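One structure is given below, encoded as structure tokens.
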Protein chains: 2
Amino acid sequence: MRALIVEDDQFHATYLQDALAEALPEVTEIFHATDGAAGEEEARAGAIGAIVMDLQMDRRNGIEAARTIWAERPQSRILFWSNYADDAYFRGIEQIVPEDSAYGYILKTASRDRLKLALRAVLAEGQIMVDREIHRRQKSAASPRTRLDDSEFAVLIDLALGLQDKLIAERRGMSLRTVQNRLLSLYEKLGVLSDLDDDLTLNKRVRALNRALVTRTINIETLDAAQRDLETWLSGRR
Amino acid sequence: MRALIVEDDQFHATYLQDALAEALPEVTEIFHATDGAAGEEEARAGAIGAIVMDLQMDRRNGIEAARTIWAERPQSRILFWSNYADDAYFRGIEQIVPEDSAYGYILKTASRDRLKLALRAVLAEGQIMVDREIHRRQKSAASPRTRLDDSEFAVLIDLALGLQDKLIAERRGMSLRTVQNRLLSLYEKLGVLSDLDDDLTLNKRVRALNRALVTRTINIETLDAAQRDLETWLSGRR
DNA sequence: AAACACGGTGCGGGAACCCGCAACATCTCT
DNA sequence: AGAGATGTTGCGGGTTCCCGCACCGTGTTT
């Protein structure tokens, strides 16, 4: 069995390599890539189905790399291992994980034992495993009064890219007014107005993006990826 | 001589500790804190004037910690050591560094030798030392056609918080029209329109924030800090 | 079946935004 | 001193945004 580590931090990579060797004696070879693009190539070249993937990397982040890897070999097993419990990451992963594959999400702050457990569960046994912390934030970020549903999230992405209402409507197949309703509930859920500090009025659109960022609902990688999606959509439009 | 390391990543902390011991034999004690708030306390309690500070940390980031440390003991020497060369960080540091202190900024990707050099230069010799990479990005981000001047940056911050033109004008002491001129040049410099992809028109305000983020002109920590600044300004206004 | 909730849609209007135009003020260069 | 460059400000108007109101279709409750 061959495994691939995609991780740009030297220390984390070696630590992970040790843990992996301990947890999975059946692994015969461990490959290593330091960014998403290189990771894709390694996985392709070595036909590797067991991958540990960092999320935040320079050239190409973990989610994008995972998307192309899964597109080529949907049964690949990928354990994501990250510094942050951002909802943005989890949403991104959930969107791309194929039916018949295994994945996991574990934080770098997890203990070595828990990391090894996750390695076994996901890479060897093919289970789904999500760090408690992430599950908590994602699920209990809780009251449906606060959590965005998919269509709201889609509109948020478009808003964050700077699209105007009309274009969002076209892209998402809604009427103009419906887009505005989504925006309304976005403003509500993101707490755009609840700045009881004052009666000061804000620019809601910008404030919405601001709030989405500081609450880790989206992050800069999200924006990067969304920008690319937008461009392909634009080119296939005319 | 006593030194303090403020760093939340375990591996990086021990690596740094080793390098510090090697580079500065005159250091007798090394303290360690894992977030900004704890770092402030350690520095205060131990009256420590030689500090290595990570930037991205949970409870309180490095720049904020540095600000209060320098407020209490302006002659403290601080070497910032970070994963990223974000212009946002550098701007933040430049704004708070006192006259008669030494500081440095070095990337985590730097070689061990260069790190040791920086440790000596800043903590022992009291020099100013900035990583080449950062200096390059900051200076040559280059053509004055692209780099924001201070007043543009201030307006960008306010825009990013979601303030409307009128409030920005009041806060920065400009006329409404002047604020709008600043915004105009912001749009220009951030490349809000230069999406030659299409004739599609965007929401400039949101797009400006988007561009500022993906170009690393500001980051989420910036937004956090700016929010707090805004609140104190608001409270001192009525 | 009637009543109701809920989400999508159109209309209309007030507010904010974007920006061209023009009048000044300041500063620099010759 | 005059010409020019640069930055600030007011005015006006076209555009987008925000959102209350009203209407409708679908699904749920009584």
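General observations
- For B:17-25, mean number of other protein chain Cβ atoms within 10 Å: 0
- With a 10 Å cut-off around each Cβ of A:36-43, the average count of Cβ atoms from other chains is 0.
- Averaged over the residues of A:171-184, the number of partner chain Cβ atoms lying within 10 Å of the residue Cβ comes to 0.
- Both radii come from the Cα set of the range B:25-71: Rg as radius of gyration, Rh as Kirkwood radius; their ratio Rg/Rh reads 0.96.
- For the range A:1-71: relative contact order, % (alpha-carbon pairs under 8 angstrom, 6 or more apart): 39 percent
- Helix A:204-214 axis versus longest C-alpha principal axis of chain A: approximately 20°, rounded to the nearest ten.
- Antiparallel %, DSSP beta bridges [both residues in the protein assembly as shown], to 5: 5 percent
- Distance to the B-onto-A rotation axis is smallest for one chain B Cβ; residue and value in angstrom are B:Phe11, 2.
- The mean sequence separation of alpha-carbon pairs under 8 Å and at least six residues apart, normalised by the residue count of the range A:150-235, gives a relative contact order of 30 percent.
- Distances in nm from A:Ile128 to the matching label points in the other copies, shortest first (labels 7 Å along Cα to Cβ): 5.5
- Check: the protein assembly as shown dipole with +1 on Lys, Arg Cβ and -1 on Asp, Glu Cβ, in debye: 1420 debye
- Here the range A:111-191 is treated as a sphere whose radius is the Kirkwood value from Cα pairs; by Stokes-Einstein at 37 °C and 0.692 mPa s it diffuses with a coefficient of 216 µm²/s.
- Considering only A:Arg207, A:Arg112, A:Arg177, the Gaussian network model of chain A with Cα springs below 10 Å gives its largest mean-square fluctuation to A:Arg177.
- Inter-copy label distances at A:Thr109, using a point 7 Å along Cα-to-Cβ, come to 2.6 nm with the shortest given first.
- Rounded to the nearest 0.05, the FRET efficiency derived from the C-beta distance between A:Asp149 and A:Thr232 at R0 = 35 Å is 0.90.
- Counting lysine pairs in the protein assembly as shown that sit 8 or more residues apart in sequence, or on different chains, and whose Cα atoms lie under 24 Å apart gives 18.
- Remark: label point of B:Arg216 defined 7 Å out from Cα along the Cα-Cβ vector; separations to the same position in other copies 2.2 nm, ascending.
- Using distinct alpha-carbon pairs, which all enter the 1/r mean, Kirkwood radius of the range A:1-149 in Å: 15.2 Å
- Among B:Ile96, B:Ile69, B:Ile220, the largest mean-square fluctuation in a Gaussian network model of chain B, built with springs joining Cα atoms closer than 10 Å, belongs to B:Ile220.
- Classified by the C-alpha gyration tensor, the range B:150-235 has an oblate form. Its axis ratio a/c, with a ≥ b ≥ c, is 1.5 or above, and a/b does not exceed b/c.
- Gaussian network model of chain B, springs between alpha carbon atoms under 10 Å - residue of B:Leu117, B:Leu200, B:Leu186 with greatest fluctuation: B:Leu200
- With contacts taken as Cα pairs under 8 Å and at least 6 residues apart, chain A reaches a relative contact order of 15 percent.
- For B:Asp8, the shell of other residues with beta-carbons less than 10 Å away shows a net charge of -4, using +1 for Lys and Arg and -1 for Asp and Glu.
- Helix A:150-161 and the long axis of chain A differ in direction by around 80°, with both axes built from C-alpha atoms.
- Helix B:87-96 and the long axis of chain B differ in direction by around 70°, with both axes built from C-alpha atoms.
- Solvent-free Debye scattering, log10 I(q)/I(0), computed from the Cα coordinates of the protein assembly as shown at q = 0.06, 0.10, 0.11, 0.13 Å⁻¹: -0.30, -0.85, -1.03, -1.38
Every number in this text was worked out from the coordinates using simple rules, so none of it is lab data. It should be emphasised that the depicted structure is a prediction, and the values quoted were computed from it without experimental measurement. Quick reminder, even Gly has a Cβ in these numbers, built from the backbone with ideal geometry, and neighbours come from all protein chains shown.
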